[in-house]
Amino acid sequence: MGELAKRDFKARYAGSALGTAWSVLEPLVQFGLYLTVFSVFLGMRLAGRPGVGLFGLYLVSGLVPFMAFQEAVSRATGLARERVQLVRHVNVPLEVLLAGSLAAVFARHGVALALVLGVATASGTVTASGLAWLSAGLTVMAVGVFGLALVLVVAGAFLPDLVHIVGTGSMVLFFLTPIVYPAEVVPRALVGYLACNPLWGALRCFRAGLVGESGEATSFAVAAVSAVVLLLVGARVFAARHRQVPDLV
């Protein structure tokens, strides 16, 4: 699995002059654009805390985990068809191929997370309790994404259009979750929805670790329970259907 993840990571930048340096440059440019648009052009701030820099941390602390989630589910959905030769003709278990691909995705976004953590540490928003929340968020995200990916890698082989459905659905989820806007501006009618959104529970852990916000047990419990359920359901679906995948792609 480690070798597959390493090859996948390098393949993304193969042939480019800067190579894996793009894993640092890409998030820097992306975060800079988001920060400029939302905090400078649109003038968005956190309630009671007017600093642009703090809003920038709030922004990227939500973007990093969501972008990792988005790429992971998209990659899992189309993996069997993208790697059809390996799936059909090479004796590599599909679960190992999936785990290696997800590891490469998380490694790329882990570089971005390390950059944000460095900035947050320099800004003085990182605490020991915050790091505990951050670790909890990482664990919940990894477990939940892997469980969901086990379902999607099989379902994507059965339904070729699923990759487009997942891509559109993740875009809708992006705007329904307080990632590029403060949670305080969410209409009251949607506050109840946020409490049931497991992704929001995971993102709050990241923001507790990086921005210094207080962790919240209820939303974390929703995220943790959802992650375990996804893993159990994913394992069951995968065990029942993964042998059919080579015949479908």
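Every number in this text was worked out from the coordinates using simple rules, so none of it is lab data. Just so you know, these numbers come straight off a predicted model, no measurement behind them. Here the Cβ is made from the backbone with ideal geometry for all residues, glycine too, and neighbour counts use every protein chain on show.
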Subject >> Theoretical FRET efficiency, 1/(1+(r/R0)^6), r = Cβ-Cβ of T139 and C196, R0 22 Å, to 0.05 >> reply: 0.60
Original post:
What area, in nm² and to one decimal, does the C-alpha convex hull of the range 50-161 cast on average over all directions?
Top reply: 8.3 nm²
